Amino acid sequence: MGQTITEKIFSDHAGREVKAGEIVRVPIDMTIGNDITTPISIKAFRESGAKKLANPDGFAIVLDHYIPAKDIASANQAKISRDFAYEHNLKYFFDEKDMGIEHALLPQKGLIVPGDVIIGADSHTCTHGALGAFATGMGSTDISFAIITGSNWFKVPETIKVELVGKPGKHVYGKDIILEVIRILGVDGALYKALEFTGEGLKYLNMADRFSICNMAIEAGAKNGIIAVDDITKEYLDQVAKENGGLRSEPKYFYSDPDANYVQTITIDLDKLSPLVAYPYLPENGKPIEEAVKDDLKIDQVMIGSCTNGRLEDLEIAAKIVKGKKVARHVRMIVTPATQKIFLEAQDRGYIRDLIEAGAVVSNPTCGACLGGYMGILGDNERCVSTTNRNFVGRMGARSSEIYLANSAVAAASAIAGKIADPREI
């Protein structure tokens, strides 16, 4: 029996052939922390008696959740990470001067490389599987173990194959594909499994779509999402390398064998897929936009951004829809570019002006609104269309508020209409 791409990455790192179900200890290529989770890792690091990092250039700290600080507590939280980064002279420390949401910023910086094993104290670390790497979230004490030893323990996951066939129609994006997968599997249907995305349909998906897809693998309970490197990936990596003077290390390309073992195969016909909206209070509650329109759902807020859908392509989609129009009087529209670079490019292309003139407010890169931290808290009984990844009870504010997950086109169209709307009709 052959191996999946995930098994091959672990085999390469273990120095021997491994199969799903085996427990292995392997070296970590990149460990990621943020301003919420890193202080816990630092505390464990100090309590262990450790004095130095096993691989300083394999540890990145990105301050992205409450930066600029929203209050004294968040300022002190960030200070712990800053002091640690300066103490150890971290090469990859990203603060306000070069800020961005970690899962958009690190690929942009050339720090995520195909064939890597990547861990982060953030569940959406699985985003990086879009570049043919194994990437998963772990707890803060697991991160501490990794920065002390340079390695960590894993149970090699079984794999579910998601085969994409056909061509997506107008305003159908990666977000809709992953919402459909989660609708089929449920929020725990891929528990501790790899979701491997394959098929001819991939040729129609740009890197923004692929990052969105892998980002939300965790919402089906998956250990990781992964897409093998192809020409679209290589073109993206070439551009990133050009902008950064190279990648962090030499890529390794792995591909699943034809006779690899999959525990389940799902086929998604992109031709038949509509834009999806995930109703409260679970990402698995996906419904076609046609059904959401019939439900006539008036909204109070739209949020476009996050590690799921805050990329340049998302801002372009939204800007083109709202250009020359006005956000409905009773709707607040918040736009959060995922990195400063994305912000500047969107500004140069006129997207920021179009969004602001339509009535949107554009914030600095932050995870704040997504997790109900700041920059877009929902009040009692308010309803929001959001391009983020979770719509749990109280996720973005009041426990009585409602979050409807959707792509950037649906979000922008809804902001104009004042209720959930089909972007194909705007």
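The values are calculated or read from the model by the stated rules, or taken from the named source; none is laboratory data. Not measured: the values here are computed from a predicted model. For neighbour counting, all protein chains shown are included, and Cβ atoms are generated from backbone atoms with ideal geometry for every residue, glycine included. With ligands, DNA and RNA removed, areas are computed over all heavy atoms of the protein, side chains included. Shrake-Rupley method; radii C 1.70, N 1.55, O 1.52, S 1.80 Å.
Worth a mention:
- For the condition in contact with a Phe, Trp or Tyr (Cβ under 8 Å, 6 or more places away or on another chain) and modelled with pLDDT of 95 or more, Gly100 qualifies.
- Residue tally, condition free of Cβ contacts under 8 Å to residues at least 40 places away in the same chain and among the hydrophobic types (A, V, I, L, M, F, W, C), over region 357-415: 4
- None of Glu316, Glu291 is at pLDDT 95 or above and open to solvent by 60 Å² or more (accessible area, probe 1.4 Å) except Glu291.
- Residue in region 116-130 that is more than 23 Å from Leu247 (Cβ to Cβ), open to solvent by 30 Å² or more (accessible area, probe 1.4 Å) and more than 19 Å from the chain's Cα centre (by Cα) present: no
- In region 375-405, the residues that are more than 19 Å from Val335 (Cβ to Cβ) and in a strand (DSSP E or B): Glu402
- Residue count for region 185-227, restricted to those that are open to solvent by less than 40 Å² (accessible area, probe 1.4 Å) and either under 17 Å from the mean Cα position of the chain (by Cα) or without any contact (Cβ under 8 Å) to a residue 24 or more places away in the chain (or both): 25
- For region 304-367, the helices (runs of 4 or more DSSP H) that sit wholly inside it and include 1 or more residues that are within 17 Å of the chain's Cα centre (by Cα) are 306-309, 312-322, 340-348.
Yes/no matrix, rows are residues, columns are (1) in contact with a Gly (Cβ under 6 Å, 6 or more places away or on another chain); (2) crowded, with 24+ Cβ neighbours inside 10 Å:
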| residue | (1), (2) |
| --- | --- |
| Ile352 | no, no |
| Ile356 | no, no |
| Ala369 | yes, yes |
| Ala412 | no, yes |
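- The residue of region 267-285 that is nearest to Val331 (Cα to Cα), among those that are in contact with a Lys or Arg (Cβ under 8 Å, 6 or more places away or on another chain) and open to solvent by 10 Å² or more (accessible area, probe 1.4 Å), is Tyr279.
- Residues in region 3-20 that are outside any loop (DSSP other than H, G, I, E, B) and under 16 Å from Ile160 (Cβ atoms): Ile5, Thr6, Glu7.
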